[in-house]
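Heads up, the thing below is written out as structure tokens.
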There are 2 protein chains.
Amino acid sequence: MTDPATAKGRRARGPSPAKTAATRRALLDAALHTFLEYGFADTRMSDVAKRAGLAKGTIYRHFDDKTALFGEVLRTIMAGAAAGSALPRPRAEEHTGDFLRRAVLPMLAQLQASGMIAVPRLVAAEGPRFPELAAVYRRVAIEPVLRIIRVYARRAERRGELRSEGLSQMPILLAAPVVVATLWNGLFASDGQLEVTAVFSAWIDLVFGNSTAR
Amino acid sequence: MTDPATAKGRRARGPSPAKTAATRRALLDAALHTFLEYGFADTRMSDVAKRAGLAKGTIYRHFDDKTALFGEVLRTIMAGAAAGSALPRPRAEEHTGDFLRRAVLPMLAQLQASGMIAVPRLVAAEGPRFPELAAVYRRVAIEPVLRIIRVYARRAERRGELRSEGLSQMPILLAAPVVVATLWNGLFASDGQLEVTAVFSAWIDLVFGNSTAR
DNA sequence: AACTAAAATGACCCGTTGGTCACTTTAGTC
DNA sequence: GACTAAAGTGACCAACGGGTCATTTTAGTT
């Protein structure tokens, strides 16, 4: 587009673009954690700035307003999640229940460790006030997951591993227990946390049969 | 305590207590619907008043502040729900899956028709900011439901209808699909609503087996 | 070292809204 | 119909917090 000389000359003075990007990242990270902890309404722009070690005004050099910041936070998260998703394939004769355990449990553990597992809860809580964002989240995060579930639901149905054909038509059933466990943990933070992996495992047992006593 | 004459004399002038109670009910009802639609933070006290056909100041003659109003709304809902819950019993040889369909589906349909099915979503969204309320909700609404689920999960396990013993240990698995469907409907209000009863029915099929082809 | 453009700052502004209270209206009692 | 206690009212207040912008700091260039 513009020739290199112009581009170089244009950026002749002032801090490097890398530094700018780093500031932006710091703000997004601080915002994510603050939003997760307090929700949108109870998040103070000044708190986000403080957490990032910056002044409130700085936020507005990178984002139009609070809503835009929230949107960028979610967009960034989704982009990162999409990048880091690489599901293994089931082995030829592997029982689909075993495969799901093998594939999904480590992923859940990682999500839990990184704190990212709370994101769906944030979306569920704030989504109604940001319908466009909810729609993006659905398209970018939810639908792909449902599509994958549908693939393996079909496989399990083909192999006669399930008691009904319902799962491929309603793939959300497979994800529901994980979502609810996450909500639970957000609601009752202090007392009686649910181990998300244990919930999922019990769910697989119930639907596909316990692996030991199949 | 106080003798009747005193009590009567004390209330000798001014509007009747019945009228007061009606006002209170109108406010609670208006508040419930406004909270359900906008959430706690985006609910304006003036809007609640307007919806109830009263002035804002009137709210403060019945409730200490916004938080107290929210709490009373939830407490009232819970009391009402607890009162109106009468589950039938399974017939002697009835398959537990059939029984659950028979017992739960009408209840879900009724909850959906009355709009009360959105309450869990409200609690999930606002709960983290009101931990005591979340705890009350858990004790009054969630735990009783889980207890009932556990009873029928045990029955099903005893009768060999399930593929694992997990359900009685993790009764939340039964409720999860309904909760998630409700969240979904709140998030994507305009497009692709889920029929909660259909979701529950598919769940039963998957876990207990389809009633036609058992 | 001087220069300067971009980045960062934070005191300030101002709209919004929860909550107050002096006043008005309502409805039982005598 | 006069009396009065409770219910209801809505203009008003104060605080809070999102967003602005004149000023200062930073760092690449010459």
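Relative to the dominant Cα principal axis of chain B, helix B:172-187 is inclined by about 60°.
Beyond 25 Å in Cα-Cα separation lie the following of the pairs A:Lys19/A:Lys56; A:Lys19/A:Lys50; A:Lys56/B:Lys56: A:Lys56/B:Lys56.
The long axis of helix B:196-208 is offset from the longest Cα principal axis of chain B by roughly 30 degrees. Compared with the dominant principal axis of the Cα atoms in chain A, helix A:66-83 is inclined by about 50°. Label-point spacing for A:Ala198 across the identical copies (point 7 Å from Cα in the Cβ direction), in nm and ascending order: 3.6. To the nearest Å, what is the center-to-center distance of the stretch A:122-155 and the stretch B:152-214, using C-alpha atoms only? Answer, in whole Å: 20. Basic side chains Lys and Arg get +1 at the Cβ, acidic Asp and Glu get -1 at the Cβ, and with that the dipole of the stretch B:15-77 about its Cα centre reaches some 260 debye. Estimated translational diffusion coefficient (Stokes-Einstein, Kirkwood radius over Cα pairs, 25 °C, 0.890 mPa s) of the stretch A:85-208: 158 µm² per second. Kirkwood hydrodynamic radius, the stretch A:122-173, all distinct C-alpha pairs: what's the number in Å? Over the stretch A:122-173, the inverse of the mean reciprocal pair distance is 12.2 Å. Sorted shortest first, the distances from the B:Ala81 label point to those of the same residue in the other copies are 2.6 nm; each point sits 7 Å from Cα along Cα-to-Cβ.
The relative contact order of chain B, computed from alpha carbon pairs under 8 Å that lie at least 6 residues apart in sequence, is 18 percent.
For the pair A:Glu93 and B:Thr67, label points projected 7 Å from Cα toward Cβ lie 6.3 nm apart. For the peptide A:36-45, the mean number of other protein chain Cβ atoms found within 10 angstrom of a residue's Cβ is 2.
Entry note: the stretch A:15-76 has Rg to Rh equal to 0.94, where both radii use alpha-carbon atoms and Rh is the Kirkwood radius.
Among B:Met116, B:Met45, B:Met170, determine the one that fluctuates most according to a GNM of chain B built with springs between C-alpha atoms less than 10 Å apart. Checking each option, the largest mean-square fluctuation is seen for B:Met170. If R0 equals 25 Å, the separation of the Cβ atoms of A:Arg154 and A:Glu132 corresponds to a calculated FRET efficiency of about 0.20.
Mean sequence separation of contacting Cα pairs (under 8 Å, at least six apart), scaled by the length of the stretch B:102-214, corresponds to a relative contact order of 27 percent.
P(r) tail for chain B, what percent of Cα pairs lie past 21 Å? When all Cα pairs of chain B are counted, 63 percent exceed 21 Å. Per-residue SASA remark: B:Lys56, around 110 Å² accessible (1.4 Å probe; ligands, DNA and RNA not included). Dividing the convex hull volume of the alpha carbon atoms of the protein assembly as shown by its residue count gives 210 Å³ per residue.
The values are calculated or read from the model by the stated rules, or taken from the named source; none is laboratory data. As the structure is a prediction and not an experimental result, all values here were calculated from the model. So basically every Cβ, Gly included, is an ideal-geometry build from the backbone, and we count neighbours across all protein chains shown. For the accessible areas, the whole protein counts, side chains as well, though only heavy atoms, and no ligand, DNA or RNA atoms are used. Shrake-Rupley method; radii C 1.70, N 1.55, O 1.52, S 1.80 Å.
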